[in-house]
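Chemist: Got a structure for you, written out below as structure tokens; questions coming shortly.
What follows draws every value from the coordinates through simple rules; no lab data is involved. Not measured: the values here are computed from a predicted model. Because the Cβ atoms are built from the backbone with ideal geometry, glycine has one as well, and the counts that use them run over all protein chains shown.
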Amino acid sequence: MTGSRAQDPAPEPTRGRGPAAEEAEPPEQRHILRVLVLAQVLSGAGLAAGITVGALLAQDMLDTTSLAGLPAALFTIGSAAAAAGVGRLSQRFGRRPGLAVGYAVGAAGSAGVVLAAVADSVPLLFAALFVYGAGTATNLQARYAGADLAAPAHRGRAVSTVLVATTLGGVLGPTLVSPSGRVAAAWGIPPLAGPFLLSGAAYLLAALVLGVLLRPDPLRLARELAARAAGVGSAAPDASTASTRAPAAGPGRGRSDGVALGAAVMVLTQLVMVAIMTMTPVHMTAHGHGVGAAGAVIAVHVAAMYLPSPLSGRIVDRYGRVPVAALSGFTLLAAGLLAATAPADSVVLLAVALALLGLGWNFGLVSGTAIVTDAVPLERRATTQGTVDVGIAAAGAGGGLASGAVVAATGYPALALVGGIVALAIVPIVAAGSRARRRAIAETG
């Protein structure tokens, strides 16, 4: 670890490294990234469409604003359960079956939401939203598949490539809220359930793409290449096998510190993002804006969540995980302050606030994912990543569940302000984690 940057909890590329120091990647990585990109475009449409109308559908069926955050809580609780399941399935059988099954379950949940709306059944709605969360979990888990074969110096970019692919579907999904509602109404389905028809079809197509085309399986291939590298003994492995080995993260304490730090960053960003995002459409419609305007603001938000990924991936690889994690806290604070002070009739300012919210989330997710991946060896990588995503999903559930009650009691500006202040806690957390990491390195020489 002598080459690690002192301020970061995991190995970092340093400026000035020559070409000889760069680790090559196996040729299969390009094909794997292309397949993941296609699946993410599809799943992004399903994810964003449901996010846009979930709170509005619950508000309509329950006839109360205080429980409007319940859908986000339910599908993020379902996401937590699915994250653990997808992680274990991937660890045992590979990324392909894990991700394909996750999306198929999400499609079933979407169908359940539509049935619940038709039957006006609140219990069925709650159960279906829980199952629908599998699509959200799988969409996030796919980023790990992009990093399985990536060289340590390129992990940020690999993660960002998968994330940015969600942008196209994520921006397209909310813009189809009104058309899908009209299609649903023509079929005798409540219009607010229309976007879940889109979600179901998108998730199902994503499952088919991964099940058929994600070959070779990135995690299984990474293990095979690592085993070959270990089998050559003291001889130097070729560059492609070297790229699959987890970088040395120091002693066990260093590894656990890295996992805890990366998880903390992602948990806090998810908590704040979900809470503010969930109640923004409710806030807008309560002040006279239509569903189309709310959908446009969410589309901007989702674009900001994923579109900056190539930039954030590069700066994570170049400048380090910890600086970008800290930047996420400051960006989310700015988002909360702007959302809290923006006039309710200003769609533009709300869109800018939600764009900052998405950008801060992106910084936290890319840096946190890189920190966790650096710290976990292949033999337990998928299981640990799934466990981390359980915490992320649980944080989103808490944010979604609390958001409705906070808005009902104090208003949307108070929710946004508190969210920004909570996000700022990321800065001292990463500073403390960096100090702990330096101490662990010093103790082991």
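Chemist: In nm, what is the difference between 0.36 nm times the number of residues separating Ala432 and Ala344 and their Cα-Cα distance?
Modeler: Going from the current span to full extension adds 27.9 nm.
Chemist: Sort 110-116, 79-85 by packing, meaning the average of other beta carbons within 10 Å per residue, with the highest value first.
Modeler: Result, highest mean first: 79-85, 110-116.
Chemist: Here's another thing I want to ask about it. Quick one: order Phe75, Phe363 by neighbouring beta-carbon count within 10 Å, fewest to most.
Modeler: Phe363, Phe75
Chemist: Under 8 Å for C-alpha pairs, at least 6 residues apart: give me the relative contact order for the stretch 74-141, rounded to a whole percent.
Modeler: 51
Chemist: Given 0.36 nm per residue, what is the gain on full extension from Arg439 to Arg220 after removing their alpha carbon distance, in nm?
Modeler: Working it through step by step, the gained length comes to 75.4 nm.
Chemist: Could the peptides 284-295, 403-414, 301-312 be put in order, highest first, of the mean number of other beta-carbon atoms found within 10 Å of their residues?
Modeler: 301-312, 403-414, 284-295
Chemist: As a footprinting exposure proxy, order Phe93, Phe130, Phe196 by other Cβ within 10 Å, with the fewest listed first.
Modeler: Going from least to most buried by this count: Phe93, Phe130, Phe196.
Chemist: As a footprinting exposure proxy, order Asp317, Asp389, Asp217 by other Cβ within 10 Å, with the fewest listed first.
Modeler: Asp217, Asp317, Asp389
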